[in-house]
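Asker: I am attaching a structure below and will ask some questions about it afterwards.
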Amino acid sequence: MSIQTVPLTLPPSADPSKFSNFGRQVIGIDPGNLKPSDFAEIQQLLYKYDALLFRNVNLSPEQQYELTKAFDPKAESYGHGDHKTQSTKKSILHPDLKTIPRVPQVQLIGNGTVHNHEGLETAALKHPSHTTFHKTSVSAADEAAGITRFYRWHIDAALYDLSPPKVTTLYAIQVPQGTEQTCRYDDGTGDTLPVPLGTTAFVSGKRMFDILPRELQSVAVRARVRYAPHPYVWMSPAAAHSTGLAIESEGKELPLGELPPWTEDKIKVYPVTWKNPVTGALHFQVHPCAAQELLIDPLPEGASREGALYPDGVHITDLKDVRDLLYKMQRPAIAPGLVYPHDWKEKDLVLFHNRGVLHTVVGAFKPDQVRAFHQCNLAASDEPVGPTPEDVRQYA
Ligand SMILES: [Fe+2]
């Protein structure tokens, strides 16, 4: 029997023509108790549509871990390493994650104080706010009027030593009701996006690649990103752009000598585009805040040099240049019409293809608005695959 799916309900802001291959709601199946044949189908659907929603789900932390692990049976530890985020106090991720003691691969995230939760007596949760990460903030008056921002567009990945998880599962246990907010880009474009309170916003990495002009697609298939060692510690003193899609280049990153010990062999250098294991499509997958250098290969033999950027290849080490080029390639894909802001209901389970989308926390809660989610992803047992030589020839 084939599993039944329906398209996700899109908000009026989304351009439906851009979402025909993105996101499906899965109907009539219990994701905590999948038969192997059902799982095989779910796995295909996930890589095909990049995000799957299940509603009215009951899911224990153990079941969530098992489901997440099924996508990568050899993976064991949490995406950032079990307990790593707690022990690395300087990391910007440290305050956002609380580990479920019984299942350390599952994190409790959210807002407000949660009591007697899965072995945690009291957990004080804080929804990440752009006010602690962006260089500028919306004014108090605007915030009171419901204006907010994307917090940080990212891939769930340590980007040092550990490999990027294939799948992230997000399970909504408690969702506070509240009025819609307006996400403001504040980048001079006038772009805004109406968002449900506390949405998680997604964009497709495939679309990010597909909408690039030809000369930037050529750069994307020839480029690799070198990530900073311990990137979340490295970027901790720095401040982000108002779209949450870059770090402002002000020289505030921690000097490499002041980071926790690191070695060259654990540095991650990844292709800019990652090949979808089911569809073969290329997804533009770069965590812009963590990127430190860009290495762009020369055009392949026989490719036209007309209009080509960096035809002879280049190694870009100036942080501002790295960020400016990435921003130019990534910003078009977060245009309001291309963003899917999920409207969370309690007992929603969302699975997303972490190697195929970028996502961000959005919005701001008051301290008494309690939100509790379980999040799980696992440092992968293999590395993302870049474009094939044929892909490079096609797009270069
Ligand atoms: Fe995330």
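The values are calculated or read from the model by the stated rules, or taken from the named source; none is laboratory data. The structure displayed is predicted, hence computed values, not measured ones. Positions of Cβ are backbone-derived with ideal geometry, glycine not excepted, and every protein chain shown enters the neighbour counts.
Asker: Checking the conditions here, which among Ala246, Ala239, Ala228 is in contact with a helix residue (DSSP H, G or I) (Cβ under 9 Å, 6 or more places away or on another chain) and more than 26 Å from Gly23 (Cα to Cα)? Show your work before the answer.
Answerer: On the way: Ala246 fails: more than 26 Å from Gly23 (Cα to Cα); Ala239 fails: in contact with a helix residue (DSSP H, G or I) (Cβ under 9 Å, 6 or more places away or on another chain).
Just one listed residue meets the conditions, Ala228.
Asker: A further question on this structure: Considering only residues that are in a loop (DSSP other than H, G, I, E, B) and either among the acidic types (Asp, Glu) or not assigned by TED's automatic domain parsing to the domain that holds Cys289 (or both), which ones fall in segment 241-272?
Answerer: Looking only at segment 241-272, we keep the residues that are in a loop (DSSP other than H, G, I, E, B), and these are 241-246, 248-255, 259-263, 268, 272.
Correct list: Glu248, Glu250, Glu253.
Asker: Separate question: Just to be sure before I move on: is Asp324 assigned to a helix (DSSP H, G or I) and among the charged types (D, E, K, R) in the structure I sent?
Answerer: Working: assigned to a helix (DSSP H, G or I): yes; among the charged types (D, E, K, R): yes.
Yes.
Asker: Hey, Arg226 hits all of (1) in a strand (DSSP E or B); (2) within 16 Å of the ligand (Cβ to nearest atom); (3) touching a Leu at 6+ places or on another chain (Cβ under 7 Å) but one; which does it fall short on?
Answerer: (2)
Asker: Okay, moving on. Just to be sure I understand, how many residues within segment 33-54 are in contact (Cβ under 8 Å) with a residue 24 or more places away in the chain and either in contact with a helix residue (DSSP H, G or I) (Cβ under 6 Å, 6 or more places away or on another chain) or not in a loop (DSSP other than H, G, I, E, B) (or both)?
Answerer: To start, the set of residues in segment 33-54 that are in contact (Cβ under 8 Å) with a residue 24 or more places away in the chain comprises 33-34, 38-39, 41-54.
Retained after the next criterion (residues that are either in contact with a helix residue (DSSP H, G or I) (Cβ under 6 Å, 6 or more places away or on another chain) or not in a loop (DSSP other than H, G, I, E, B) (or both)): 38-39, 41-49, 51-54.
Selection size over segment 33-54: 15.
Asker: Further, regarding this structure: What residue, among those in segment 344-390 that are part of a loop (DSSP other than H, G, I, E, B), in contact with an Asp or Glu (Cβ under 9 Å, 6 or more places away or on another chain) and not aliphatic (A, V, I, L, M), is nearest to the ligand (Cβ to nearest atom)?
Answerer: For segment 344-390, the residue satisfying everything is Asn354.
Asker: Consider only pairs whose beta carbons are under 6 Å apart and that are at least six residues apart or on different chains; among these, list those whose first residue lies in segment 139-160 and is on the phi < 0 side of the Ramachandran plot and in contact (Cβ under 8 Å) with a residue 24 or more places away in the chain and whose second residue is within 16 Å of the ligand (Cβ to nearest atom) and aliphatic (A, V, I, L, M).
Answerer: Phe150/Val362; Tyr151/Val361; Trp153/Leu245; Trp153/Leu358
Asker: Kindly indicate which of Thr179, Thr113 is away from the ligand (no atom under 16 Å from the Cβ), among the polar types (S, T, N, Q) and part of a strand (DSSP E or B). It would help to see each step written out before you state the result.
Answerer: Details: Thr179 fails: part of a strand (DSSP E or B).
Answer to the selection: Thr113.
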